[in-house]
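Structure, as structure tokens:
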Amino acid sequence: MSNDVIAPKSIPAKRELTTVPRFSDRVFRGIVTGGGFSSLLILGLIFAFLAYQGFSVLRSQGIHFITGSAWEVVTDDSGNIIASDTKFGLAAMLIGTMLCAIIAVVIAVPISVLTSLYLTFYAPPFIKKIMIAVIDLMAAFPSILFGLWGFFILMPSVEYWAKLLHKYFGFIPFFKMEVPIYTRSPFVAGVVLAVMIIPIITSVSREIFSQTPLDRIQAAYALGATRWSMVKAVALPYARSGVVGGAMLGLGRAMGETVAVYTVLNVVYQVNWHVLLGAGGNVASMILLKFGEAGPQEIKALMAAGLVLFLLTLLVNSLANLIVKSSGGKGR
Amino acid sequence: MSEIDKDGNENMDVKPMTSSLASVAADAALGKRIPGGQPMGVGLEARGIHAWFGEKHVLEDISLDFWSGTVTALIGPSGCGKSTFIRTLNRMHEFIPGAAMAGEVLLDGQDIYASGTDVTKIRLKVGMVFQKPNPFPSMTIAENVLSGLKLAQLKVPNRDDLLEECLERAGLWAEVKDRLSAYGGSLSGGQQQRLCIARALAVRPAVLLMDEPCSSLDPGSTLKIEETISHLSSSMTIIIVTHNMQQAARVSDYTAFFLSDGGPGKMVEVGPTGEIFSRPKDKRTENYVTGRFG
């Protein structure tokens, strides 16, 4: 062995990779960047506005704003608000929001997935065309009409279903009934919301299913797959995360829906876990209910409520994203 | 290319890797039957196949027989209908919207287009390997190989044995036996293609269609696939579409030359591979195999 010291090979510093874009490219880049950031800016400004308006209420109410359920504005004889007695609490509304939205998603997702599977893999072209047009139309339907439909048409028949659910699933706490008031319940609101979000989830799912790589579909068929076994082995694993994304979009819409819920739901400031009972609420419809007659202080409280709803939606969406990511995109 | 001795018999040095069994089968077939002649009642027979995409007539009157234990190569320039033709042999052609066909494809004497046929059963007997390796990325290597059983709802007594056998026959066992639970997408392109071959073998097809199986692979992987083809050819009928004429010469017993003169693709000539490459009957075949066009 020799003791020669081998001169270490000098490793050069990494070079900076640069390019001078053309003028036209720079202009376009500026326009695109501006467009991209403007949506973020608008969202940020709305957030800042809500936070600014709602800050005083949030500070005076503290944690009770989301844990308390009372919404009472106490004034003295001359109409001034007595801050110490005034209570703003969102708990009932937050729970109502989640409850209605979850019922909606639970009902809407299976229907939407089946619809989009039918449209993508089974429907003859002309039926497909008509159905897509109808479903897209449903997405553009004004929500007040869904609300009215829910109130006048759906309510009487849902009452029947609610009674059935109570009769056979009453042992599940959610379906328990202490007072037999079946109308204007979170369940009815959930069904109306489900009808409203079906078009969104269907159209997102259909888009994903239609992108299923043809070579995998062919590989399955070439192995003697039936259509259903192909869907199970190829299309569903591929589309899974996209369908979850669609469901989240639907959940977001359901949580933020105002008028339809306002029309069918009985807004009660009391936490109600019993989905069949005609009492509940949702943050957005509560804001609508209170907005007309609210004084300056209460307006601020409503802004704070909006802020909380905003954050809740954000939280739910991030959670869903996390779930999709951690379960992996191995089907893609 | 091959040499022809004074008796007119082809020397089999054209395809050195072909197993002796296949050579015997090829020799037997050579002396007794002219391709396109009488049906044998076993194997696969295409009778007067026409194909259309919408109004476009892409394939005209192809009649070709494939015997058990032989490899048939389909050669010809792009767009001459080779791939369309083999896709009519396992009814994959009809997946393309507007696709239509005429003629008969007899599998063991039964027309696979006869009304009342369960097309999934046909595809179990006539397997297919595609141009681009397409393992299922959501499945492991083992699950990929056995996916056909699940897809076609078949039952086998011992899945592990079948798994090993199929990977062995596809020439992949040694490379993957320690990582059967890795995902199919983690393999190299050539390994993925052999995985797809193993997957096709697991449902025990009698015929294997290969649509340019090596066109996206490097020479080393191509060689491996060709060895696999040679091993498989003793036990099944293989039909391979290829753009690589050396490959056709190396792996096949018979070669069919397809050509389109702007209209629908037609079969110009079919015969033992040695003859097609050394003394084709048609001038156009000669021009193509000697590299004067295409």
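Only residues that are in a helix (DSSP H, G or I) and modelled with pLDDT of 90 or more were counted across the range B:176-188, and they come to 1. In summary, helices (runs of 4 or more DSSP H) completely within the range A:196-258 and bearing 2 or more residues that are surrounded by 24 or more Cβ atoms within 10 Å (Cβ to Cβ) and more than 14 Å from chain B (Cβ to nearest Cβ) occur at A:236-256.
Every listed requirement among (1) at pLDDT 90 or above; (2) surrounded by 15 or more Cβ atoms within 10 Å (Cβ to Cβ); (3) in a helix (DSSP H, G or I) is met by residue B:161 save one, (2).
Consider residue B:83 carefully, then state whether it is surrounded by fewer than 23 Cβ atoms within 10 Å (Cβ to Cβ), of a type in the set (S, T, N, Q), without any contact (Cβ under 8 Å) to a residue 24 or more places away in the chain and closer than 25 Å to residue A:121 by Cα.
Working: surrounded by fewer than 23 Cβ atoms within 10 Å (Cβ to Cβ): yes; of a type in the set (S, T, N, Q): yes; without any contact (Cβ under 8 Å) to a residue 24 or more places away in the chain: no; closer than 25 Å to residue A:121 by Cα: yes.
When the stated conditions are applied, residue B:83 does not pass them.
Of the set (1) facing chain A (nearest Cβ under 9 Å); (2) on the phi > 0 side of the Ramachandran plot; (3) not hydrophobic (A, V, I, L, M, F, W, C), all apply to residue B:147 but (2). Quick one: would you say residue B:116 is more than 7 Å from chain A (Cβ to nearest Cβ) and either within 19 Å of the chain's Cα centre (by Cα) or farther than 20 Å from residue B:44 by Cα (or both)? The answer is no for residue B:116.
Identify, from the list A:45, A:40, A:117, the residue that is at pLDDT 90 or above and either within 28 Å of residue A:138 (Cβ to Cβ) or of a type in the set (Ser, Thr, Tyr) (or both).
Selected residue: A:117, the only one of A:45, A:40, A:117 that is at pLDDT 90 or above and either within 28 Å of residue A:138 (Cβ to Cβ) or of a type in the set (Ser, Thr, Tyr) (or both).
The set of residues in the range A:175-190 being closer than 17 Å to residue A:157 by Cβ and basic (Lys, Arg) consists of A:184 alone.
Which one of A:101, A:91, A:70, A:83 is surrounded by 21 or more Cβ atoms within 10 Å (Cβ to Cβ) and touching a helix residue (DSSP H, G or I) at 6+ places or on another chain (Cβ under 9 Å)?
On the way: A:91 fails: surrounded by 21 or more Cβ atoms within 10 Å (Cβ to Cβ); A:70 fails: surrounded by 21 or more Cβ atoms within 10 Å (Cβ to Cβ); A:83 fails: surrounded by 21 or more Cβ atoms within 10 Å (Cβ to Cβ).
Being surrounded by 21 or more Cβ atoms within 10 Å (Cβ to Cβ) and touching a helix residue (DSSP H, G or I) at 6+ places or on another chain (Cβ under 9 Å) holds for just one of A:101, A:91, A:70, A:83, which is A:101.
Scan the helices (runs of 4 or more DSSP H) fully inside the range A:64-176 and keep the ones with 3 or more residues being within 24 Å of the chain's Cα centre (by Cα) and not aliphatic (A, V, I, L, M).
A:91-117, A:143-149
Residues in the range B:190-221 that are under 19 Å from the mean Cα position of the chain (by Cα) and among the acidic types (Asp, Glu) were compared, and the one that is farthest from the other protein chains (Cβ to nearest Cβ) is B:212. Across the range B:106-113, a minimum of one residue is classified as closer than 21 Å to residue B:266 by Cβ and either of a type outside the set (Ser, Thr, Tyr) or within 9 Å of chain A (Cβ to nearest Cβ) (or both). Of all the numbered requirements in (1) away from chain A (no Cβ under 14 Å); (2) in contact (Cβ under 8 Å) with a residue 60 or more places away in the chain; (3) part of a strand (DSSP E or B); (4) buried (at least 19 other Cβ atoms within 10 Å of the Cβ), residue B:50 misses one, and that requirement is (4). Listed by first and then second residue, the pairs linking a residue in the range A:218-247 that is at positive phi to a residue that is assigned to a helix (DSSP H, G or I), with Cβ atoms under 6 Å apart and 6 or more places separating them unless they lie on different chains, are A:224/B:120; A:224/B:123; A:224/B:124.
If I go through the range B:175-189 residue by residue, how many of them are surrounded by fewer than 24 Cβ atoms within 10 Å (Cβ to Cβ) and either in contact (Cβ under 8 Å) with a residue 40 or more places away in the chain or within 14 Å of chain A (Cβ to nearest Cβ) (or both)? Show your work before the answer.
Taking the range B:175-189 first, the residues surrounded by fewer than 24 Cβ atoms within 10 Å (Cβ to Cβ) are B:175-183, B:185-189.
Filter once more, so that each one left must be either in contact (Cβ under 8 Å) with a residue 40 or more places away in the chain or within 14 Å of chain A (Cβ to nearest Cβ) (or both): B:180-183, B:185-187, B:189.
Result for the range B:175-189: 8.
The values are calculated or read from the model by the stated rules, or taken from the named source; none is laboratory data. Just so it is clear, the model here is predicted, and its values are computed rather than measured. Every residue, glycine among them, receives a Cβ derived from its backbone with ideal geometry; neighbour counts consider all protein chains shown.
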